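Novice: Take a look at the following structure, please.
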């Protein structure tokens, strides 16, 4: 299993709108691609020097090939929508994680 992790720092001025959009639209749209089996939204419990609130959105997929298909077929469209809505009020980075074991 692979976890596609997005870490996002969102500016306080758009926080409430962003969290609603994330929970009602973006996560659903990403799952609707059919390339992920589940998603979770978690708050990162740190105080950022730069301000804002930081979250991690974790999408689980079966393998790297499926994740690569997501990048080719869907990622640009979904990323562009986020940029159009939140632009410089949002800072993101991606991490790919491989689940070795769960206990």
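Novice: On the basis of being modelled with pLDDT of 95 or more, loosely packed, with under 15 Cβ neighbours inside 10 Å and part of a loop (DSSP other than H, G, I, E, B), does residue 51 make the cut? Steps first, answer last, please.
Specialist: Values: modelled with pLDDT of 95 or more: no; loosely packed, with under 15 Cβ neighbours inside 10 Å: yes; part of a loop (DSSP other than H, G, I, E, B): yes.
Spelling it out, it is not the case that residue 51 is modelled with pLDDT of 95 or more, loosely packed, with under 15 Cβ neighbours inside 10 Å and part of a loop (DSSP other than H, G, I, E, B).
Novice: Considering each of 92, 66 in turn, give the residue that is surrounded by 15 or more Cβ atoms within 10 Å (Cβ to Cβ) and in a helix (DSSP H, G or I).
Specialist: The conditions single out 66.
The values are calculated or read from the model by the stated rules, or taken from the named source; none is laboratory data. Worth saying up front: this structure is predicted, and the values here are computed from it rather than measured. We place every Cβ from the backbone using ideal geometry, glycine too, and count neighbours over all the protein chains shown.
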